[in-house]
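The structure appears right after this line, and notes come after that.
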Amino acid sequence: MIDIAAASALAETQIVSQPLALKPKEFATISALAREEFGLELGKGKEQLVAARVGKLMRKLGFTIFRDYYQHVQGDRTGEALVELIDALTTNHTSFFRERAHFDFLVHRVFAEQQAPGPIRIWSAASSTGEEPYTIALTAREHLGVQSPVLPRILATDISTRVLETARKGIYKANRFENGLSPWLRKHLLRGEGRWEGWYRMRPEILGMVEFRRVNLIEPLPDIGRFTLIFCRNVMIYFSRETREQLVNRLAACLEPGGYLFVGHSESLTGMQHGLQQIQPAIYQKRGGKK
Ligand SMILES: C[S@@+](CC[C@H](N)C(=O)[O-])C[C@H]1O[C@@H](n2cnc3c(N)ncnc32)[C@H](O)[C@@H]1O
């Protein structure tokens, strides 16, 4: 005997779990929107990937027809639909102490050459779920000491309100710390108990060093002042060469003379006009200030 309920549930699963086939016109529509809103380049060859990711998002939101979904995105005044779309199209992958050479440079060069009176200003542009800015804060507190007058103030920004929400909480699973929780790191974290067993929270003094804010890097930057150091890592890979060059110039304008820009190790600035001087792989310096 056929179990009708089970059979229809199965049929439904098959329909909804089928990958969405985006028509060339629909792919072009999504590509144009992503380029305009986030600077994202969804070049040729990305059709299947985009269809899979947009399809998954549509299913989650209960849409079966692309046109209906697109109207939903366009009609959404809160901006949340766009955030969900960018989250689906890009990766928020990040980790503590990612590309460690940057943190060695931070300690041995940036901290070493700072002089009082004020705190160092650092911007983590495209900070994702917060591991990057908190790594800066943890490193600074450990190497400069709690009383240091140059202890950094960190601005951490991202386009995605979803990742910013996670970042603000400063709560992470133990396995997010890839090289384990060394004793020095534990000093700066609160260990969860009971249902929070296996989780860690940044201590209030670490949370207090970081301010999170939404900034879209392809739009004119808000008035955020000047920085000694800007981390802009693993986001430019999504942008066209032209958008990258414009962004690097806008970031350079936000650097103090002698300040540094860190980019991802796979994001070369070779061939771009930017006026910064490369001093190590993925590390650039603005002329002026101290050498
Ligand atoms: C791969 S993560 C990089 C995180 C961190 N910088 C690192 O290197 O580990 C890329 C981040 O860029 C953000 N992003 C993508 N387009 C953006 C834009 N136009 N403006 C600001 N952030 C953007 C995404 O939301 C995502 O969180």
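The values are calculated or read from the model by the stated rules, or taken from the named source; none is laboratory data. Predicted, not measured: the structure shown is a model, and the values here were computed from it. Positions of Cβ are generated from backbone atoms using ideal geometry, with glycine treated the same way; all protein chains shown enter the neighbour counts.
Some observations on this one:
- Residues being in a helix (DSSP H, G or I) and either surrounded by 14 or more Cβ atoms within 10 Å (Cβ to Cβ) or touching a residue at least 24 places away in the same chain (Cβ under 8 Å) (or both) - total across the range 78-107: 16
- Hits in the range 216-251 - residues which are within 11 Å of the ligand (Cβ to nearest atom) and either within 16 Å of GLU37 (Cβ to Cβ) or in a loop (DSSP other than H, G, I, E, B) (or both): ASN216, LEU217, ILE218, GLU219, LEU221, ARG233, ASN234, VAL235, TYR238, PHE239, THR243, LEU247
- Condition check for TYR69: among the aromatic types (Phe, Trp, Tyr), more than 16 Å from the ligand (Cβ to nearest atom) and modelled with pLDDT of 95 or more: yes
- Identity of the residue in the range 109-141, farther than 24 Å from GLN280 by Cα and under 25 Å from the mean Cα position of the chain (by Cα), that ends up nearest to the ligand (Cβ to nearest atom): SER128
- Flag for TYR172 being surrounded by 14 or more Cβ atoms within 10 Å (Cβ to Cβ), assigned by TED's automatic domain parsing to the domain that holds VAL248 and not in a helix (DSSP H, G or I): yes
- ARG186 meets all of the listed conditions (1) more than 30 Å from THR78 (Cβ to Cβ); (2) surrounded by 14 or more Cβ atoms within 10 Å (Cβ to Cβ) but one, namely (2).
- Just one of the listed residues (LEU221, LEU207, LEU276) is more than 22 Å from the chain's Cα centre (by Cα) and surrounded by 14 or more Cβ atoms within 10 Å (Cβ to Cβ), and it is LEU276.
- Residues that are within 19 Å of the chain's Cα centre (by Cα), in contact (Cβ under 8 Å) with a residue 40 or more places away in the chain and closer than 20 Å to HIS102 by Cα, drawn from the range 225-246: PHE227, LEU229, ILE230, PHE231, CYS232, ARG233, ASN234, VAL235
- Single condition ALA51 does not satisfy, out of (1) touching an Asp or Glu at 6+ places or on another chain (Cβ under 8 Å); (2) buried (at least 19 other Cβ atoms within 10 Å of the Cβ); (3) not assigned by TED's automatic domain parsing to the domain that holds ILE159: (1)
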